[in-house]
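Some notes on the structure that comes next.
The values are calculated or read from the model by the stated rules, or taken from the named source; none is laboratory data. All figures in this text were calculated on a predicted structure; none of them were measured in a lab. Here the Cβ positions follow ideal geometry from the backbone for every residue, glycine too, while neighbour counts run over all protein chains shown.
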Amino acid sequence: EAQVTQNPRYLITVTGKKLTVTCSQNMNHEYMSWYRQDPGLGLRQIYYSMNVEVTDKGDVPEGYKVSRKEKRNFPLILESPSPNQTSLYFCASQSGTGALSPLHFGNGTRLTVT
Amino acid sequence: TQLLEQSPQFLSIQEGENLTVYCNSSSVFSSLQWYRQEPGEGPVLLVTVVTGGEVKKLKRLTFQFGDARKDSSLHITAAQPGDTGLYLCAGGDNYGQNFVFGPGTRLSVLP
């Protein structure tokens, strides 16, 4: 089954404790991205990657890092989490460029930073 | 920065009623996608429109892209409880890679 898998689904941590949220897709998609979803703000893009070893900042990259060492994986790293990073995070992949190529989303990771 | 607004923010209706939700921007988009998101899941694509004035139908759902490609609407006929969810519009850039999402319309259809 074609899917985007995120782990963990829920995470509670404390300020300053480094964490990684994993994302893996089995569709051989070149394009992957991370979003955060907050009430009233919709989905905002954090980082995206057009291919292996190619990453770029989205609209809200501060406090986050990513890496793309393999095509299927795109982990999101919070080196020193802060309470304002409490949010619902989504990883997405896309088969290629073009408006008709849909985003395939994972089921989300709900992060709470205390 | 391109922004998308959606209205209404919340909508609660009875089964069988019709409804329209709106997605508006002051910016022009190359494409406009509509997604539906259910609790505990990621958004799932419903439709993509790319041409100004384009109308697409998906069973009881009708999507329209404004002539100037700055706005879109989603009309649901005879809503059913299964239509309940968060409806998100997303405007795409020229490359169809970076999308700006609206805040969503949360629809509740009561049986």
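Quick rundown of the values:
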quantity: Considering residues of segment B:1-13 that are part of a strand (DSSP E or B) and surrounded by fewer than 20 Cβ atoms within 10 Å (Cβ to Cβ) only, the residue farthest from the other protein chains (Cβ to nearest Cβ); calculated: B:Ile13
quantity: Looking only at segment A:15-68, and only at residues there that are farther than 28 Å from A:Glu1 by Cβ and aliphatic (A, V, I, L, M), the one that is surrounded by the most Cβ atoms within 10 Å (Cβ to Cβ); calculated: A:Val60
quantity: Subset of segment A:51-72 (residues that are under 17 Å from A:Gly96 (Cβ atoms) and without any contact (Cβ under 8 Å) to a residue 12 or more places away in the chain); calculated: A:Asp56
quantity: Residue list for segment B:64-104, filter: free of Cβ contacts under 8 Å to residues at least 40 places away in the same chain and either part of a strand (DSSP E or B) or of a type in the set (Gly, Ala, Ser) (or both); calculated: B:Gln64, B:Phe65, B:Gly66, B:Gly82
quantity: Given (1) at pLDDT 95 or above; (2) surrounded by 15 or more Cβ atoms within 10 Å (Cβ to Cβ); (3) more than 12 Å from the chain's Cα centre (by Cα); (4) under 17 Å from A:Met27 (Cα atoms), number of the condition A:Pro75 does not satisfy; calculated: (3)
quantity: Among (1) modelled with pLDDT of 95 or more; (2) in contact with a Gly (Cβ under 8 Å, 6 or more places away or on another chain); (3) buried (at least 21 other Cβ atoms within 10 Å of the Cβ), the one test that A:Ser80 misses; calculated: (3)
quantity: Verdict on A:Pro102 being under 27 Å from B:Arg106 (Cα atoms), in contact (Cβ under 8 Å) with a residue 24 or more places away in the chain and more than 14 Å from the chain's Cα centre (by Cα); calculated: no
quantity: Conditions (1) of a type outside the set (Asp, Glu); (2) within 14 Å of another protein chain (Cβ to nearest Cβ); (3) part of a strand (DSSP E or B); number of the one not met by B:Leu107; calculated: (2)
quantity: Every residue from segment B:14-46 that is farther than 12 Å from B:Leu74 by Cβ, part of a strand (DSSP E or B) and more than 8 Å from every other protein chain (Cβ to nearest Cβ); calculated: B:Gln14, B:Asn24, B:Gln37
quantity: Matching entry among A:Ser93, A:Ser87 (being in contact with a His (Cβ under 7 Å, 6 or more places away or on another chain), of a type in the set (Ser, Thr, Tyr) and modelled with pLDDT of 90 or more); calculated: A:Ser93
quantity: Hits in segment B:68-85 (condition: surrounded by fewer than 22 Cβ atoms within 10 Å (Cβ to Cβ) and either in contact with a Ser or Thr (Cβ under 7 Å, 6 or more places away or on another chain) or hydroxyl-bearing (Ser, Thr, Tyr) (or both)); calculated: B:Lys70, B:Asp71, B:Ser73, B:His75, B:Thr77, B:Thr84
quantity: Answer residue from segment A:1-14, given it is assigned to a strand (DSSP E or B) and of a type in the set (A, V, I, L, M) and is surrounded by the fewest Cβ atoms within 10 Å (Cβ to Cβ) among those; calculated: A:Ile12
quantity: Of all residues making up segment B:47-101, the number that are within 14 Å of another protein chain (Cβ to nearest Cβ) and either closer than 19 Å to A:Gln94 by Cβ or of a type in the set (A, V, I, L, M) (or both); calculated: 20
